[in-house]
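The values are calculated or read from the model by the stated rules, or taken from the named source; none is laboratory data. Here the structure is a predicted model, which is why all the values come from computation and not from measurement. Cβ sites come from the backbone with ideal geometry, for glycine too, and all protein chains shown count toward neighbours. To get the accessible areas, we keep the full protein, side chains included, count just its heavy atoms, and leave off ligands, DNA and RNA. Shrake-Rupley method; radii C 1.70, N 1.55, O 1.52, S 1.80 Å.
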Amino acid sequence: MILVNLISNVKYAMDETPAEQRILTVTLDTPVADRVRIEVRDNGMGISQGMLTRIFQYGFTTRRDDGHGFGLHSSSLAAQELGGSLTVHSEGPGRGATFTLELPYQPIEEPPAA
């Protein structure tokens, strides 16, 4: 649900970017043994500093037509309930945004070879 919401938001954020210039990057990393980090980065409209402080608040939206302000709020809560976090970084309007989802990770142990 979190990743679907983030990628849906990227589509909206890049609506004004010409199709041939749109870039969406999703990366997966394990910064430490018990954590997984997923970054969703775009080169869309970016986020102003004033909006960065409110972006995860219930009801906050930048969409003029169909935004309801539940997606990022519920995604942030879901990440917390899973023992992780959801953060955002943007250099400002026109500079894209990066959302970082960090979650606990416990690798499956392989059974010993026979």
Taking the range 1-39 on its own, how many of its residues are part of a loop (DSSP other than H, G, I, E, B), touching a residue at least 40 places away in the same chain (Cβ under 8 Å) and among the hydroxyl-bearing types (Ser, Thr, Tyr)? 0
How about the range 101-114: which of its residues are assigned to a loop (DSSP other than H, G, I, E, B) and either surrounded by 11 or more Cβ atoms within 10 Å (Cβ to Cβ) or aromatic (Phe, Trp, Tyr) (or both)? 105
Given (1) among the aliphatic types (A, V, I, L, M); (2) buried (at least 16 other Cβ atoms within 10 Å of the Cβ); (3) touching a Gly at 6+ places or on another chain (Cβ under 9 Å), where does residue 23 come up short, assuming only one miss? (2)
Could you run through the range 3-18 and say how many residues are out of contact with any Gly (no Cβ under 9 Å at 6 or more places or on another chain) and open to solvent by less than 70 Å² (accessible area, probe 1.4 Å)? 2
Hey, can you tell me all the residues within the range 29-58 that are open to solvent by less than 50 Å² (accessible area, probe 1.4 Å) and at pLDDT 95 or above? 36, 38, 39, 40, 42
Kindly indicate whether any position in the range 59-72 is touching a residue at least 40 places away in the same chain (Cβ under 8 Å), under 16 Å from residue 1 (Cβ atoms) and out of contact with any strand residue (DSSP E or B) (no Cβ under 6 Å at 6 or more places or on another chain). yes
Taking residue 61, is it β-branched (Val, Ile, Thr), touching a helix residue (DSSP H, G or I) at 6+ places or on another chain (Cβ under 9 Å) and either surrounded by 12 or more Cβ atoms within 10 Å (Cβ to Cβ) or not in a loop (DSSP other than H, G, I, E, B) (or both)? yes
Determine whether residue 80 is assigned to a loop (DSSP other than H, G, I, E, B), open to solvent by 50 Å² or more (accessible area, probe 1.4 Å) and polar (S, T, N, Q). no
Residues that are farther than 20 Å from residue 80 by Cβ and within 16 Å of the chain's Cα centre (by Cα), drawn from the range 9-27: 10, 11, 12, 13, 14, 23, 24, 25, 26, 27
Assess whether residue 91 counts as being charged (D, E, K, R) and free of Cβ contacts under 8 Å to residues at least 40 places away in the same chain. no
Would you check which residues across the range 83-100 are open to solvent by less than 40 Å² (accessible area, probe 1.4 Å) and within 15 Å of residue 55 (Cα to Cα) and list them? 86, 88, 90, 92, 96, 97, 98, 99, 100
